[in-house]
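Beneath this line is the structure, given in structure tokens, with notes to follow.
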Amino acid sequence: MGMGGPTEVGYVVAQTQPVGLTTELSGRTSAFLVSEVRPQVGGVIKARLFTEGSTVRAGQSLYQIDPATYQASVNSAAAALAQAQATATAARLKADRYKGLVETGAVSKQDNDDAQAAALQTAAAVAVQKAALDNARINLNYTRVVAPISGRIGKSSVTPGALVTASQATPLATVQDLSKIYVDLTQTSAELLKLQQQFASGKVGRTNSAQVTLTLEDGSTYPIPGRLEFSDITVDPGTGSVTLRAIFPNPNGQLLPGMYVRAALSQGVAPTGILIPQAAVQRDPKGAAMVSLVGAKGAEPRPVTLGQTVGDKWLVTSGLNPGDKVITEGLQKLRPGAPIKPVPAGSKPAAPQQAQH
């Protein structure tokens, strides 16, 4: 190829296609369920019945509080109930007997009324004592502190011999359900407004699948996709951002609460998007994006508006029409006004030029 020959350039033909738009946001993981274990009665811890860091199931015994005083209360309430029942039985028998005698006049009406009232009174006393016994038994059961939910239990804040009080501020231990993990992401309210405007104008269609993929701190991709649960309805005045919450299955326990992650979520589809290779885009002195088209008299510069990158391509939001031939190879050899020989990108002769890139 001589100096005066036309410059060979490779081009691609601009075509419209539906393009899925994704947003990458940073966030943190948190446990699906968190429950703090607290005593509901006071006393001295006699035993810790779990291994720290192990998996526990809901209802499993975690601590035993010394039950001696609570057992004594149960015994006392049971004795009081037995006494009340004996009194009630005697009163009921007397009331039944007087009922028959009042008809024959052997007992005055007043004495019969008193006997009937005493029977009702002693029956009520039995109900009161039954309730007291139930209450004593509940408190005795509370000396066995159980896991409120199933999950992984952390470290214990008390050892046997420690005195605990009912509903104390410090939890004895914390159980976390990690079978699923929440990922809380933040998006600026400006980005959210822009997206809503694109939805309203029809430039972007809503996706039904709000699927989310995670990139972990070490750069690896988490193998299971998650889904978007909800978007917060309030903008944080301090940061100007909105929280989005996604949920991920965590069968192998790979995700732990408090991890920093990046999440890509599909937020819509541009129905008539045009994608061009990133290599086709140049910048003018002011930094605006330009491409070169194959024109009737050679290469024609054309300003374009770029959206987001999709893989190794740019999404062009304005400036190009379907059918435009966008030069992607040989751009560095172009001279203003020089003749060009356009060939489809990827043709054999253009390959060495790309190799000099």
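Straight-line cross-link partners of LYS155 among the lysines, defined as a Cα under 19 Å from its Cα and at least 8 positions apart when in the same chain: LYS46.
About its Cα centre, the dipole of the stretch 149-301 is roughly 240 debye, where the only charges are +1 on Lys and Arg Cβ and -1 on Asp and Glu Cβ. Normalised by the number of residues in the chain, the mean separation of alpha-carbon contacts (under 8 Å, six or more apart) gives a relative contact order of 30 percent. Phi-derived couplings, Karplus 6.51 cos²θ - 1.76 cosθ + 1.60 at θ = phi - 60°, listed residue by residue for the stretch 47-60: 7, 9, 10, 9, 9, 4, x, 8, 8, 10, 10, 4, x, 6 Hz, with x used for Gly and Pro. Springs join every pair of Cα atoms under 10 Å in this Gaussian network model of the chain, and among GLY100, GLY240, GLY154 the largest mean-square fluctuation is at GLY100.
Of all the stretches in the chain, which is the longest one without any exposed loop site, taking GluC sites (Glu not before Pro) in a DSSP loop (any state but H, G, I, E, B) with at most 12 other Cβ atoms within 10 Å?
Values: sites that count: GLU52, GLU217.
Longest stretch, sites excluded: 53-216.
Relative to the compact-globule estimate of 2.2 N^0.38 Å, the Cα radius of gyration of the stretch 242-284 comes out at 1.95. Computed over every Cα-Cα pair of the stretch 67-142 and binned at 5 Å starting from 0, the pair-distance distribution P(r) comes out as 3, 18, 19, 14, 13, 9, 8, 7, 5, 3, 2, 0 percent.
Straight-line cross-link reach from LYS313 at under 17 Å between alpha-carbon atoms covers these lysines, not counting any fewer than eight positions away in the same chain: LYS325. Comparing THR104, THR243, THR221 in a Gaussian network model of the chain (Cα springs below 10 Å), the most mobile by mean-square fluctuation is THR104. When the alpha carbon gyration tensor of the chain is reduced to an equivalent ellipsoid, the three semi-axes, largest first, read 83, 25, 14 Å. Seen from every direction in turn and averaged, the convex hull around the alpha carbons of the stretch 6-163 projects onto 23.7 nm².
Would you please name the trypsin sites (Lys or Arg not before Pro) within the stretch 53-111 that are DSSP coil residues with at most 12 other C-beta atoms within 10 Å of their C-beta?
Loop-located and lightly packed - ARG57.
With the convex hull of the Cα atoms taken as the outline of the stretch 114-195, the averaged projected area works out to 13.3 nm². Per-residue ellipticity at 222 nm, computed for the chain from helices alone with -39500 (n - 2.57) per DSSP H run of at least four residues, works out to -8500 deg cm²/dmol. Each Cα pair under 8 Å and six or more residues apart adds its separation to the average, and for the stretch 67-142 the resulting relative contact order is 52 percent. Considering only LYS155, LYS341, LYS313, the mean-square fluctuation computed in a Gaussian network model of the chain, springs between alpha carbons under 10 angstrom, is largest for LYS341.
Rule-based calculations on the coordinates, nothing more; no lab input. Note that the structure is predicted; figures quoted are calculated from it, not measured. Note: ideal-geometry Cβ built from the backbone for every residue, glycine included; neighbour counts use all protein chains shown.
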